[in-house]
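Readers should treat all values here as calculations from the given coordinates under stated rules, not as data from a laboratory. Remember, predicted model here, so these are calculated numbers, not experimental data. Every residue, glycine as well, gets a Cβ built from its backbone with ideal geometry; the counts of neighbours run over all protein chains shown.
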Amino acid sequence: MRKLALLLFFFWSVSASAQNFTEDSLFIKRISNNILSSDEAYNNLWYLCKKIGARLSGSPQMVKAEKWGLETFKKYGANAWLQECMVPHWVRGGRDTATATYTINGKKQTLPLHVLALGNSMGTGAKGVRAEVITVKSYEDLEAKKDQLKGKIVFYDVPFDDTLINPFEAYGKYAGYRGTGASRAAKYGAVAVMVRSMSNSTDNYPHTGSLRYLDSIPKIPAVAIGLRDVKKLSDLMSSGTSVSAFIQTNGKFFPDTIGHNVIAELKGSEFPDQYITIGGHLDSWDPAEGAHDDGAGCVHTIEVFRALKELGYQPKHSIRFVLFANEENGLRGGTKYAEEAKAKGEKHIFALESDEGGFTPRGFGLSVNDTAWNKIQQWKTLFESYHVYEWKRGGGGADIGPLARNLNTPVAGFIPDAQRYFDYHHAANDVFEAVNIRELKLGAINIAALIYMIDKYGLQ
Ligand SMILES: [Zn+2]
């Protein structure tokens, strides 16, 4: 009898959960139909890219983008507000130029280099910097050549590892040369640095990105070079030709200025004091429209709100939709968001960021405990109809990092297909036209589905 009761209980619980998932599958299909039948996400991306454009922290476009984000959330019926934070204000200050010169058969040759100053880097001034170029293949190589660097321009010729299937791994491995290469070379007397663009593209767009100077070391100018020119320069250098370069850049800092995170909220019915955050970052590098990085993440975030609201979804937990300020060169927005959450004693049960582009969704990377992981594994079949199969342990996003670090919040990163991301990342070709409408919408659908499941079932 007891066995029978256990057996009955087993079937009851299996059918109950199966039934729940059927309901969930139907609701996710409604989300999907809603998003696929609407062009709002794509139109929002168009407006952000074409009507506002590049929106680096401190720029007038940053202010326009914040206003647009707030108004867009409100247009869809959100309770939305701005959260103030101080942001750095770096400007490029003009066109960056560079040329390499060398002599072959007694004839002086000039090779123009397509370059972009690295974000946060100091300009050369009007006179520019001219010096002999020395190639460095790694930081070990830099240390080995430390006595030869005085007065030179260091060329970090460290290519992306094309054998890595996930280009984000290559980026993770080499972005350090962009971040700290200038200070490490300046320590030994180098006068400027040039880095290969962090990309495996076949074009010649230079890819900028943040640099961090160490305070105790002279701040020398730094540029990224387009990959076709890198190839030419690299071939010259490895042939033993003596090359000198001229670099002229104008980067400088103004005092910190006021920026904002844009926040919308759907209040929870059962656990209003427990928060789920979904977001992307609103700032972008100055030479680009920031379509994939991270216009896509912003319109994903807005689209998830729009669809849930339109479907009349009443969440159990409070869901926050955040367009973060200043991810690219300071992370002040994400830092402020976590700071205020901590100061107010808010309980953040989950956060997700979309900051890997608007490409076809593949899955999610999750930094969660075993209980949450096992729970999420049971939901996998719900996502298969939407061609999402990849569930990785580990992942998150720069802007939600402070929540994970300071509030112990479980976090996740949305994973779209990554093969073309670094063709566009931080380069002038990261424009609206580089984003496909179907791929963009499918991203929003899958993010909405995961948020819905976590809201409904929790992660404990
Ligand atoms: Zn980004």
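Observations on the model:
- Backbone HN-Hα couplings from phi across region 112-126 [Karplus 6.51/-1.76/1.60, Hz, Gly and Pro as x]: x, 10, 7, 10, 9, 4, 6, x, 6, 7, 7, x, 7, x, 4
- Annotation: amide H-H contacts under 5 Å for GLY396 (H modelled 1.01 Å from N, sequence separation of 5 or more, or interchain): GLY413.
- Segment SER37..LYS50, full-extension length gain: 2.4 nm, with 0.36 nm per residue of separation and the alpha-carbon distance subtracted.
- Taking the Kirkwood radius as Rh and the Cα radius of gyration as Rg, the chain has a ratio of Rg/Rh equal to 1.04.
- Cα gyration tensor shape for region 93-250, rounded if a/c is under 1.5, else prolate or oblate: rounded
- Seen from GLU71, the other residues with C-beta closer than 14 Å to its C-beta sum to a net charge of +4, counting Lys and Arg as +1 and Asp and Glu as -1.
- Burial order of peptide ranges 222-229, 400-407 (average beta-carbon count within 10 Å, highest first): 222-229, 400-407
- With the helix formula -39500 (n - 2.57) applied to DSSP H stretches of n ≥ 4, the chain reaches a computed 222 nm mean residue ellipticity of -11500 deg cm²/dmol.
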